[in-house]
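Working notes for the structure below.
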Amino acid sequence: MTWPKPIQDIIDEFQEIDEQFERLEILMDFAKEVDELPVEDWNEQNLVKGCQSIAHIEVNIRDDLVWMRAAADAKMVQGLQGILSIAVNGSPPKQVMELTPQFAEEAGILNSLTPSRSNGFRTMFDMVQNSVKEAIK
Amino acid sequence: MTWPKPIQDIIDEFQEIDEQFERLEILMDFAKEVDELPVEDWNEQNLVKGCQSIAHIEVNIRDDLVWMRAAADAKMVQGLQGILSIAVNGSPPKQVMELTPQFAEEAGILNSLTPSRSNGFRTMFDMVQNSVKEAIK
Amino acid sequence: MKRDFPIFSRQVNGKPLVYLDNAATTQKPSCVIDAMSDYYSSSNANVHRAVHTLAGEATEGYEACRTLLKQRYNANYAVITSGTTEAINLVAHAWGEHNLTAGDVVVLTEMEHHSDIVPWQMLAERASIELRFVPFTDGELDLEAFKIALEGAKLVCVVHTSNVLGIRNPVEEIIAMSQTVGAKVLLDAAQAVPHELIDFKQIGADFMAFSAHKMCGPTGIGALLISDEAFSQMEPFMGGGDMIQTVTLEGSTYQSNEHRFEAGTPRIAEGFGWAAALEWIAKIDLESHHNRLLAIAKNVADELKRKGMTVYSSLNPGDAAVISFNHPTIHPEDFARLLDAQGIAVRTGHHCAQPLMEKLGVSGTIRASFYLYNDDLDAEIFLSGIDRVLEAMQ
Amino acid sequence: MKRDFPIFSRQVNGKPLVYLDNAATTQKPSCVIDAMSDYYSSSNANVHRAVHTLAGEATEGYEACRTLLKQRYNANYAVITSGTTEAINLVAHAWGEHNLTAGDVVVLTEMEHHSDIVPWQMLAERASIELRFVPFTDGELDLEAFKIALEGAKLVCVVHTSNVLGIRNPVEEIIAMSQTVGAKVLLDAAQAVPHELIDFKQIGADFMAFSAHKMCGPTGIGALLISDEAFSQMEPFMGGGDMIQTVTLEGSTYQSNEHRFEAGTPRIAEGFGWAAALEWIAKIDLESHHNRLLAIAKNVADELKRKGMTVYSSLNPGDAAVISFNHPTIHPEDFARLLDAQGIAVRTGHHCAQPLMEKLGVSGTIRASFYLYNDDLDAEIFLSGIDRVLEAMQ
Ligand SMILES: Cc1ncc(COP(=O)(O)O)c(C=O)c1O
Ligand SMILES: Cc1ncc(COP(=O)(O)O)c(C=O)c1O
């Protein structure tokens, strides 16, 4: 499978690393890629459900391009949100709808996390796609 | 341990046999040693409790000697009652009180039966001793 | 197939084991035994809400069992219980107590296992509901009487396949009739799932209860499948552990999925074992085995009749290969013990179905029940074992 | 000792496993794993009421577990359940429902596990009883408040040893005070029996609930010990299977011993496994291990404080070696995941004790809990693991 360049870069970056601890450090590094959703904008609707930590994601379409803002109390969750941001921000909705969460698996991000967390990623991924679907309807 | 002759004979008889089926046949043969307790004398008090089949045991002291009558619908239970009868009938109460159900183990009768049944033997044994204890009190 | 089952390498009373007590519990293939050992040897941890690797593996394995159950039986909700009995008690408490009120009618049958009678008698006492028992007449449920009993019924509880006689009840018809009066249906499928693949949504029942240990899985685990509507009508039964959302001193809120009904540390190792059993059984052509075993059982039953036994099972098409019989004079326990002496395991007694025993006019039967690994040789050994008993008891 | 436990030969994320999640569940020694495999491989059968050899062996092994429990803990009645949670729910239904009426008082504490809160909240709703929670203040139960709460109490439910903080409550005193007002006492001993040998009759409680899986035994099985008086006041809870004496369409009668409370096919393999665990643990000097582990935990807790962590456990003499802590800024989940990356298993979250969390003013903690097989090296690896986390998160 070929991925858009920014996603392929993420995959490459993770695949280079052997040690789990370092992978998690990289993951947390991606936290800074998040366009932060300020606390006052948190609501039931943008709450990520089934997550053990507090996490919010909001998706907007501006000039026909997808932009997400997010926030999480755990840094690794924020890191996942950062990766998601790179994957979707500035992309046309159609391209976002064609994405699958498989790239995270390919990068080994999912394997590096226990199931409940990898489900967390999937939940967030689905949330983004659903929001996009809603928005372009 | 040395046992009274009739008991030792039973032990010997069982110990000679290797095959389980034949042991059970011998066991059933002892059914005929039972002095039968007729149905009209069956009551709650002489009912053997915890037995899966119907079994009754009644103990009397006559001329200072112990005599038991018994009945059971399953022939193997009756066989156990027969062995018990040989062990106690015509013995002075004191001798009966000194008996332990261990002889059945030594003969391999207990091993040859599954636990619930060997407990049945123990229950019947205890019942006889308790009745004797009651009677001589 | 016996080679998959380590127990068949053992001897009983010096004879090869012929295991014909499958309606009580089935034997376990190596893959099931190993799945549990492997879990304890390499992934053991408590599930849910944990972030470490072992806990993740444990959670994944345990939830995989649920997923397999939902897929295999086509159900949206599968609550994991300790067995059929707990599953039925769960329905009585979690659904019955909140959806039945004084005077409401629950229809049962005279063929039920105690596990599908006693919970309802207990509920009847707590909630003053009325129980109606459909008679078992001339070897089958009296469907005319069922129709009459249905009047005003809110729930129908019926055994799919009888553990005593192997009879497969016309559950499709029963469900259809129940639906016409709007009654929910609980299927006791303890003896059904080992013998046939049931599509829960298609068959249209609201509850279906069964146990792992009767289908080559471990003890201590079973399931209750629940329809969407029934699920939405249920309230939690037991409290504690993972079934909550929030707990305060003032009150608690509960999870919205199946966890709501699974209080306390779940049957984790058992979940791994059952998942292995479900995967193992998925590779088996149940229907052809079913036909093979029924043919064997029919043949054995004929022989038993020839030898003077009374046979209570009719072994019609669809029935499970379960033969209940008695000898006119030999006590069932003596009979079974003499078979055991030859390495042959059968069960005697009331089989937890005393009302049915009463209907048959006996206090108990001898029951030989066949399963996947039983073969013609087992039947042969069983029949010659019978001969030896008859000879000895002459 | 680690050599007895096969799981310690595995690696987690390329590092040797350092398992510090023992308050959630403990690892299993080979003898326990083997006991269950052996059962399935050579004695598997359904128990009770059967005459064949396998069924006899299965019954004997299962009942041996009960006998071991009664002997080890000096109790006349040991009901086997699926765990602590089911045991407490059993008390709420089988005793509570038949001995408590509207307005009656049940005293609990703010330190309870959800499993000892939710069943009582549910009962409170069914039976309109009053729940009073004894406050946890300054690191201990407020015994003055307990005395006041006791007024008119019929039942006191208290956790013997806290799963969050390791605190061993003064249960002897609590029981003595409860007895003066004639209240029955339930001990949640889930975290107690792994750490100390309790004499049930001597301690004078009426109910004591615990789980096998927290003391090196299997999942899916636990026990409720019951005093003679309390036993005589209980009515059956779940119906079906072996708990009956007779069943007719009109009604049923029940067994008089513990079977009365064990509906359905019991946890047979689990009983074999737990029996092996009880025999294994009987050979262990729990007290000296307890002291050793508490010393390790104290030392670790001191180091954690030095490193800037807030430690909630006080680790007084008698307490279990359980350390709950938090870092002022690092999220517990990030912390735990970075430890897991180094092969170190700890738990994070509310530990099924949300009211206690609220009292501590946190939404969760990181918890490291030690057990028999943990040693100084584990503590060392844990502490250097912490250092690496702190460095990385600077
Ligand atoms: C103090 C306490 N009580 C009750 C429980 C519940 O035990 P189980 O989940 O085995 O039913 C636990 C274990 O989580 C516990 O630590
Ligand atoms: C028809 C039927 N229902 C219910 C049960 C109860 O199953 P379990 O004992 O596994 O709860 C059985 C098994 O004995 C059964 O055969």
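The values are calculated or read from the model by the stated rules, or taken from the named source; none is laboratory data. Quantities reported herein were computed from a predicted structural model and do not represent experimental measurements. All Cβ positions, glycine included, derive from the backbone under ideal geometry; neighbour counts span all protein chains shown.
Key figures for this structure:
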{"item": "Subset of region C:1-25 [more than 8 Å from chain D (Cβ to nearest Cβ) and in contact with a Ser or Thr (Cβ under 7 Å, 6 or more places away or on another chain)]", "result": "C:ASP4, C:LEU20, C:ASN22, C:ALA23"}
{"item": "Cross-chain or 6+ apart pairs with Cβ under 7 Å, region C:261-285 first and away from chain D (no Cβ under 12 Å), then of a type in the set (Lys, Arg)", "result": "C:LEU278/C:ARG72; C:ALA282/C:ARG72"}
{"item": "Sole exception among (1) charged (D, E, K, R); (2) more than 10 Å from chain C (Cβ to nearest Cβ); (3) without any contact (Cβ under 8 Å) to a residue 60 or more places away in the chain for D:ASP319, by number", "result": "(3)"}
{"item": "Qualifying positions in region C:97-114 - surrounded by fewer than 24 Cβ atoms within 10 Å (Cβ to Cβ) and part of a loop (DSSP other than H, G, I, E, B)", "result": "C:LEU100, C:THR101, C:ALA102, C:GLY103, C:ASP104, C:GLU110"}
{"item": "Checking D:ALA230 against (1) surrounded by fewer than 20 Cβ atoms within 10 Å (Cβ to Cβ); (2) part of a helix (DSSP H, G or I), the condition it does not meet", "result": "(1)"}
{"item": "Flag if D:GLN202 is surrounded by fewer than 17 Cβ atoms within 10 Å (Cβ to Cβ), assigned by TED's automatic domain parsing to the domain that holds D:ALA35 and either in a strand (DSSP E or B) or touching a residue at least 24 places away in the same chain (Cβ under 8 Å) (or both)", "result": "yes"}
{"item": "D:HIS213 being within 8 Å of chain C (Cβ to nearest Cβ) and either more than 16 Å from ligand 2 (Cβ to nearest atom) or buried (at least 24 other Cβ atoms within 10 Å of the Cβ) (or both)", "result": "yes"}
{"item": "Checklist (1) surrounded by fewer than 19 Cβ atoms within 10 Å (Cβ to Cβ); (2) in the same structural domain as C:LYS359 (by TED's automatic domain parsing) applied to C:ALA297, failing item", "result": "(1)"}
{"item": "Matching residues in region C:360-387 - criterion: being within 11 Å of another protein chain (Cβ to nearest Cβ) and surrounded by fewer than 16 Cβ atoms within 10 Å (Cβ to Cβ)", "result": "C:SER363"}
{"item": "Options C:SER42, C:SER82; residue that is of a type in the set (Gly, Ala, Ser) and surrounded by fewer than 22 Cβ atoms within 10 Å (Cβ to Cβ)", "result": "C:SER42"}
{"item": "Residue that is farthest from C:ASP142 (Cα to Cα) [pool: residues in region C:79-119 that are within 16 Å of ligand 2 (Cβ to nearest atom), small (Gly, Ala, Ser) and in contact (Cβ under 8 Å) with a residue 60 or more places away in the chain]", "result": "C:SER82"}
{"item": "Residue match in region D:166-185 (condition: within 16 Å of ligand 1 (Cβ to nearest atom), of a type in the set (A, V, I, L, M, F, W, C), within 14 Å of another protein chain (Cβ to nearest Cβ) and not in a helix (DSSP H, G or I))", "result": "no"}
{"item": "Matching option when the condition is more than 9 Å from chain D (Cβ to nearest Cβ) and outside any helix (DSSP H, G or I), among C:ALA94, C:ALA75, C:ALA35", "result": "C:ALA75"}
{"item": "Members of region A:25-56 that are closer than 27 Å to D:ASP340 by Cβ, aliphatic (A, V, I, L, M) and out of contact with any Lys or Arg (no Cβ under 6 Å at 6 or more places or on another chain)", "result": "A:ILE26, A:LEU27, A:VAL34, A:LEU47, A:VAL48, A:ILE54, A:ALA55"}
{"item": "Residues of region A:58-78 satisfying the condition of being out of contact with any Asp or Glu (no Cβ under 7 Å at 6 or more places or on another chain) and farther than 24 Å from A:LYS137 by Cβ", "result": "A:ALA72, A:ASP73, A:VAL77, A:GLN78"}
{"item": "Residue satisfying condition, being within 10 Å of another protein chain (Cβ to nearest Cβ) and within 16 Å of D:TRP95 (Cα to Cα), within set D:PRO218, D:PRO236", "result": "D:PRO236"}
{"item": "Flag if C:ARG66 is more than 14 Å from chain A (Cβ to nearest Cβ) and in a helix (DSSP H, G or I)", "result": "no"}
{"item": "Filter pass, D:GLU358 being outside any loop (DSSP other than H, G, I, E, B), touching a residue at least 12 places away in the same chain (Cβ under 8 Å) and not assigned by TED's automatic domain parsing to the domain that holds D:GLY139", "result": "no"}
{"item": "Odd one out for D:ASP334 among (1) crowded, with 17+ Cβ neighbours inside 10 Å; (2) in the same structural domain as D:LEU377 (by TED's automatic domain parsing); (3) modelled with pLDDT of 95 or more; (4) more than 16 Å from ligand 1 (Cβ to nearest atom)", "result": "(3)"}
{"item": "Scope region D:244-254; condition within 16 Å of D:HIS48 (Cβ to Cβ) and in contact with a Pro (Cβ under 6 Å, 6 or more places away or on another chain); matching residues", "result": "D:TYR254"}
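A quick yes/no check of all residues on (1) within 12 Å of another protein chain (Cβ to nearest Cβ); (2) in contact with a strand residue (DSSP E or B) (Cβ under 8 Å, 6 or more places away or on another chain); (3) within 27 Å of D:LEU360 (Cβ to Cβ); (4) at pLDDT 95 or above:
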| site | (1), (2), (3), (4) |
| --- | --- |
| D:GLU86 | yes, yes, no, yes |
| D:HIS98 | yes, no, no, yes |
| D:THR109 | yes, yes, yes, yes |
| D:HIS114 | yes, yes, yes, yes |
| D:MET122 | yes, no, yes, yes |
| D:ARG126 | yes, no, no, no |
| D:PHE133 | yes, yes, yes, yes |
| D:GLY139 | no, no, yes, no |
| D:PHE146 | no, yes, yes, yes |
